[in-house]
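We did not get these values from a lab; they are worked out from the coordinates using the rules stated. Everything numeric in this text was worked out from a predicted model, so none of it was measured. Positions of Cβ are backbone-derived with ideal geometry, glycine not excepted, and every protein chain shown enters the neighbour counts.
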Amino acid sequence: MEPRRVPQNNPKIRQVGFTFNSQTQNPHSQPPLSTTISGGAVENNTSTLSPVMIPPPPFLDTSTSLPVPVPAAAAIPAARRVYDDSHSYLAASSPESTQPDLSEDWLRSSSGKYSLAFDMSGVNSPVADEQSTEGAEITVANHEKGANVSEVQVSHEDKKLSSKPSKDKLSKAERRALQEAQRAAKSNKKAAASGVAAHVTGKPTEASKQPPQKKNVPLRTSSVPVSETKGGNQPSEKDKKKDIPHPRMQYDDKSRVEKAKKRSVVKQTEVRNRVELFRHLPQYEYGNQIHDLESKIFNHDSVHPAVYKVGLQYLSGDISGSNARCIAMLCAFKEAIEDYHTPADKIITRDLTARLNSYVSFLSECRPLSISMGNAIRYLKTRITKLPSSLSESETKTAISSDINRFIHEKIVVADNVIVQQAATKVRDGDVLLTYGCSSVVEMVLVYAHEHGKKFRVVIVDSRPKFEGQGLLRRLVAKGLSCTYTHINAVSYVMHEVTRVFLGAASIFSNGIVYSRIGTACVAMVAHSFRVPVLVCCEAYKFHERVLLDSICANELGDPDVIAKVPGRKDVNYLSNWMNKENLQLLHLLYDATPSDYISLIVTDYGMIPPTSVPVIVREYGKEHLF
Amino acid sequence: MWYRSPSFILDNQEQEKFLLRQQLDQQNDDVLNPPPPPSMSEISIQNPNPNISAYYQTRAAHHAVVTSDWLAQAQAAVSGGVTGEDTVEKVEEDDRVVEKGESVIEEFNSWRKQPDLAEAVAAIRALASVIRSSKATTMMELEIELKKASDSLKSWDATSISLTAACDLFMRYVTRTSALEYEDFNSARSRLMERAEKFGEISYKARRIISMLSQDFIFDGCTILVHGFSRVVLEVLKTAAQNKKSFRVFCTEGRPDRTGLRFSNEMAKLDVPVKLLIDSAVAYSMDEVDMVFVGADGVVESGGIINMMGTYQIALVAHSLNKPVYVAAESYKFARLYPLDQKDMAPALRPIDFGVPVPSKVEIEKSARDYTPPQYLTLLFTDLGVLTPSVVSDELIQLYL
């Protein structure tokens, strides 16, 4: 057993390995044996074991949530309702929304191309409008109009409301903007409430959604000052500690979670029965906060509406896939920066970094950041701090947005083209290619090879609960490729006829481990045992210098409800009231780690490399994209 | 930096795309009259004999291996058939249209005549002579000329991995000097010359360096299994014999061109105890063997090697009996290739003499080389040092990107 360490005292120490942190409110740390899954139920409240402290990119420290006491009975129907809604989001926001028949599918909105991500660069885009009108809420366009009209008149009760959070940290202009936003939101909420009241007779679920929303309002106002002060003095600290990576937030660390949830914008409820081994990862009840957040889109002075919208899309699952998420985030940042005005007493680069930090922490509250996003944020921050202070505000802003464009273009779009062309050389006539899930790059490879006259067959392996492969299947079949669709249960059966396996990746770590959609490791292992070459297509900006050994330390937990229920099968819902069972924990992991032994080849924008050469790319080019 | 890195790959792909488009156009033009597949037609322009890899022809010529197939071809050529010399001339006529190409290949061929000089070194010297005799007046012109010359060399024999790799490496090594842009043309050119000579020198000395490096691995009383005739391995063993190490050599026969026979001759000249095995006796005698020593036609990015047919199975047997497999290869054989399996590379064909007539219905596997994946190799002895297979990719990334 290692000596106990108090992480708050010396945050600069890079903690790797199994460390125990003794906490003030809980001095009895558990022996490591207690991490077994079966023992989990007993120690729900006394968990002090923080497994591995991994130094992540330095922006992760301000994230978590506040468990809002929501009556379980009210939460479940609300969650269900929102899930139904998110289906219609999919229909409205997916790029193929012109084709009405696609809406029933489990389509990923980022259909391999980035059309969506580029479309939604404007808050006023039709996509955004459609989304916010959904469910008797505010339309963004209306909202802004309202704000413009009320520019001059600031009523007294509004001042009372808004002066509390803003305090002396805000300049006059900013305070005014805040007041307008809040005023408009308030009036809109009233309108919405009356709309809901009218609806109640028709839709009883609507009413059950109301109480948590109201409860959140006072909480939010009290939490704002914390985030404001934090934002104000952060950059100087950040700069100092830049080269020392912060330990990633461990969610079984009670005091930190308490601290973090004070400044969180998204009110997330922690799931009650959690698997012991994965306590260090955040897990929330899904679905009940989307409407709530949606109604408050302009209440947040700290989060720009474009960023806010992207956050909600992450939350609802409308945008998934690390490329799509990264592009969406960068576009939102670009927009936020365009609308940005430097407060009178601030330096633009410093203040902008603080802003970005608050956006990032908001986004990571919606969904934990992906490695791709982390790298993009790191790039952006370095670019901002490197800007000469002699530039004027508009020059700075154009410089930053051109940097963002460059990143998207070079690191993602062009990189994908290079990858596609190289990977296609590995496709021969008569091949049978297997792919798992829905990777945008792999889709492009397949389409490219098909367009260049290669004769091959595709096996798409898919899995519950997202069925992302069906979207891919639909698009490939529409293009005329001959496809076989199967579920992961049958992978060992189909593998014997397969000649190549193409996989996508969320990230690749320095030891060659591929971090990707859950199930990828299984497919790669089966392929390896059948001696089928496994090709991983991954842009180099997703590489990370960290080392990962298993899929426990760094992972993401999904909604446990989804794996407990089978949609469309009422008769197999044996677990419908699982929440009440103390001795049941559901584990819905979203990612897994594929060992490098199973991977024959990684196709990146720097060429085709073996997994052992990932650290070379990170070493030679990791620094380069920061400058 | 970023733009430049994948340029080589992009160039290649552009070319491929162009070819593909051409092919498609052709197909559109005459659907009734489909042309031969592009790879074959390509080779038939450049390669004297479409069915036989030029690389193996040179090797056979150097080693004075005369097979009956070879004789038959020679006779056919003499009696006026359209093979051998005729096509070579045709090639050169074709190249004359491309101006520079011809002189490079002539130069290359003259260098190549020396049996001790590796093909790649000959190519490097030929390219250096292009710079020397160039009448270009700007850096850009010179670079284009050099690129053309190396392209014509590469296309002269697409099956030789070391030739292609050496041309690519030469281009990278010689033209990649940031100082070039700031100097006037003459000094830049002399700098290029300097680098070219230096590169030629390094390549020439590579064998010597490798033989020095590998001495530590040969211990007294060991038994070494050798496959094929590799000039590097010969140099290594020669040096070991000169250093008064006592060791034993097993030579595989090396069918069909019997390279093992030749190697055993060389060993006998050095008074090293040598035993000749037929190729199928490798597993039988592996328990006596302490290490396997092979050369390589090419070292690929995964760290695996492409070498004479039979290397893969020897490596498999050695791996399963836990014997180390050492590869001796010069760094100019490092190629930016990444074969995933045996069939994932351009096949190099060669004639096989079975001694008896083979019925026409029987198909013959004519491929001359196979791919050994990196997990079966222990170490690579190169002029860059003794490397593990995974370092090859690191070196390649640093050389090319």
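Which residues' amide hydrogens lie under 5 Å from the amide hydrogen of B:LEU225, considering only partners 5 or more residues apart or on another chain, with H built in the peptide plane? Residues meeting the amide H criterion: B:PHE250, B:ASP290, B:MET291, B:VAL292, B:PHE293. For A:VAL459, nonlocal amide neighbours, meaning residues 5 or more places apart or on other chains whose placed amide H falls under 5 Å from its own, are A:LEU433, A:LEU434, A:THR435, A:THR484. Sparsely packed loop sites in the stretch A:521-613 (the chymotrypsin sites (Phe, Trp or Tyr not before Pro) outside DSSP H, G, I, E and B with at most 11 other Cβ atoms within 10 Å) comprise A:TYR574. Is the shape of the stretch B:218-400 best called rounded, prolate or oblate, per the rule: a/c under 1.5 gives rounded, else a/b larger than b/c gives prolate, else oblate, with a ≥ b ≥ c the square roots of the Cα gyration tensor eigenvalues? In terms of gyration-tensor shape, oblate. Beyond a 21 Å Cα-Cα separation, which of these cross-linked pairs lie in this structure: B:LYS343/B:LYS366; A:LYS466/A:LYS581; A:LYS426/B:LYS323? Table pairs above 21 Å Cα-Cα are A:LYS466/A:LYS581; A:LYS426/B:LYS323.
Counting Cβ atoms of other protein chains within 10 Å of each residue's Cβ and taking the mean over peptide B:389-398 gives 5. Peptide packing for B:265-276, A:401-412 was compared via the average number of neighbouring C-beta atoms within 10 Å per residue; ordered from the highest value, the list is A:401-412, B:265-276.
Measuring r between the beta carbons of A:HIS496 and B:SER133 and using R0 = 45 Å, the FRET efficiency lands at 0.20.
Taking 0.36 nm per residue of sequence separation and removing the Cα-Cα distance, the B:TYR204/B:CYS222 pair yields an extension gain of 3.6 nm.
Averaged over peptide A:598-610, the number of partner chain Cβ atoms lying within 10 Å of each residue's Cβ comes to 5. Put simply, when A:386-395, B:348-357 are sorted by average Cβ atoms within 10 angstrom per residue, most first, you get B:348-357, A:386-395. Ranked by the mean number of other Cβ atoms within 10 Å of their residues, highest first, the peptides A:428-440, B:296-308 fall in the order B:296-308, A:428-440.
In order along the stretch A:604-609, the Karplus-derived 3J(HN,Hα) couplings, from 6.51 cos²θ - 1.76 cosθ + 1.60 at θ = phi - 60°, round to 10, 6, 9, x, 8, 10 Hz, and Gly and Pro are given as x.
Rounded to whole numbers, the Karplus 3J(HN,Hα) couplings from phi for the stretch A:549-565 are 10, 9, 9, 8, 4, 10, 7, 9, 9, x, 6, x, 4, 5, 7, 7, 10 Hz, using 6.51 cos²θ - 1.76 cosθ + 1.60 with θ = phi - 60°, and x at Gly and Pro. The overall shape of the stretch B:131-221, judged from the alpha-carbon gyration tensor, is oblate: a/c is not under 1.5, and a/b is no greater than b/c. Stretching the chain fully between B:LYS366 and B:SER280 yields a gain of 29.2 nm (0.36 nm per residue, less the alpha carbon separation).
Taken along the Cα-to-beta-carbon direction at a fixed 7 Å, the label points for A:ARG464 and B:ALA346 span 5.1 nm.
Close amide-amide hydrogen proximity is noted between B:MET309 and B:ARG369, B:ASP370, each under 5 Å apart and 5 or more residues distant or on a separate chain (H modeled in the peptide plane; Pro and chain starts excluded). Peptide A:417-428 has a mean of 3 when you count, residue by residue, the C-beta atoms of other protein chains within 10 Å of its C-beta.
The trypsin sites (Lys or Arg not before Pro) of the stretch B:180-248 that DSSP puts in a loop, and whose beta carbon has at most 11 other beta carbons within 10 Å, are B:LYS244. For A:SER394 and A:ASP550, the FRET efficiency from 1/(1 + (r/R0)^6), where r spans their Cβ atoms and R0 equals 30 Å, is about 0.05.
Label-to-label distance, B:GLN215 versus A:LYS455, with points set 7 angstrom from Cα along the beta-carbon direction: 5.8 nm.
Treating r as the C-beta distance of A:LYS623 and A:ILE563 and R0 as 45 Å, the FRET efficiency rounds to 0.65.
I need the shape label for the stretch A:358-417. Rule: rounded when a/c is under 1.5, else prolate if a/b > b/c, else oblate, with a, b, c from the alpha carbon gyration tensor. It is oblate, given that a/c is not under 1.5 and a/b is not larger than b/c.
Here the Karplus curve 6.51 cos²θ - 1.76 cosθ + 1.60, taken at θ = phi - 60°, turns the phi angles of the stretch A:455-461 into couplings of 9, 8, 10, 10, 10, 9, 9 Hz, with x standing for Gly and Pro. Of B:LYS366, A:LYS381, B:LYS135, A:LYS466, the sequence from fewest to most neighbouring Cβ atoms within 10 angstrom is B:LYS135, B:LYS366, A:LYS466, A:LYS381.
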